[in-house]
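Structure first, then comments.
The values are calculated or read from the model by the stated rules, or taken from the named source; none is laboratory data. In this text, all values refer to a predicted model and were calculated from it rather than measured experimentally. Neighbour counts run over all protein chains shown; Cβ positions are idealised from the backbone, glycine included.
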Amino acid sequence: MFLITKTHFMLFAGVLLSLLTAPVFARDKDNMDTFTDVIAHDAWIREAPPSIRVLAGYLKLENKTGYDIRLLRANSPDFMHVEIHQMAIEGGVARMTELRELMIPPYQTISLLPGGLHLMMMGSKKALKQGDKVKVTLYFSHGAPLFLDMEVKKSF
């Protein structure tokens with residue numbers, strides 16, 4: 001005879017609830033990488049000569065929610081380390097600063113573009129050329145990762 005205890009019921013209910021509330025991952029017809037809360041648009045990495053081991057990644061992040069979402073970190077199997085950076089001109093000198101996080105306000109889009117915010121991708125494990133795809137994972141404050149395929153492109 002099978003006996004359901006209160007502990008078994010609570011465990012089952014917890015597992016069921018976590019499955020029902022897990023983020024839904026999808027890829028839309030325009031090849032945007034998405035999950036329920038954030039959509040990534042126009043993700044690309046600037047091509048560099050084969051001897052250069054540090055590249056920059058760019059994209060737009062759209063917050064589809066009514067609350068702030070923070071981009072906390074990023075990584076890629078093709079790079080030793082990925083950081084979120086801000087470039088600014090101070091006294092005529094370009095300076096880059098690592099950001100601990102990047103806030104994406106409710107219903108807003110943040111653009112990571114040349115000359116400003118970007119992903120600093122350090123220690124390339126292989127030479128990358130135009131047309132190559134690089135897998136990048138973004139981690140947000142709510143814990144759901146966003147998986148991207150960023151294409152290597154020539155500078156515009």
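I'd like the full set of residues that are of a type in the set (S, T, N, Q) and touching an Asp or Glu at 6+ places or on another chain (Cβ under 9 Å), limited to region 95-110. GLN108, THR109, listed by residue number.
Give region 99-119 a look and list any residue that's within 17 Å of ALA40 (Cα to Cα) and either hydrophobic (A, V, I, L, M, F, W, C) or under 13 Å from the mean Cα position of the chain (by Cα) (or both), or say none. Matches in region 99-119: GLU101, LEU102, MET103, ILE104, ILE110, SER111, LEU112, LEU113, LEU117, HIS118, LEU119. Of the strands (runs of 3 or more DSSP E) contained entirely in region 7-101, those carrying at least 2 residues that are modelled with pLDDT under 95 and under 15 Å from MET120 (Cβ atoms) fall at 79-90, 93-99. Residues that are part of a strand (DSSP E or B) and free of Cβ contacts under 8 Å to residues at least 60 places away in the same chain were ranked within region 129-156; the one that is farthest from LEU71 (Cα to Cα) is LYS133. If I ask for residues that are crowded, with 21+ Cβ neighbours inside 10 Å and out of contact with any Phe, Trp or Tyr (no Cβ under 8 Å at 6 or more places or on another chain), which ones from region 61-75 would you list? Selection gives LEU61 alone.
With respect to (1) of a type in the set (Phe, Trp, Tyr); (2) over 16 Å from ILE39 (Cα atoms); (3) modelled with pLDDT of 95 or more, the lone exception for PHE156 is condition (3). Every listed requirement among (1) part of a strand (DSSP E or B); (2) within 17 Å of GLU47 (Cβ to Cβ); (3) among the charged types (D, E, K, R) is met by LYS126 save one, (1).
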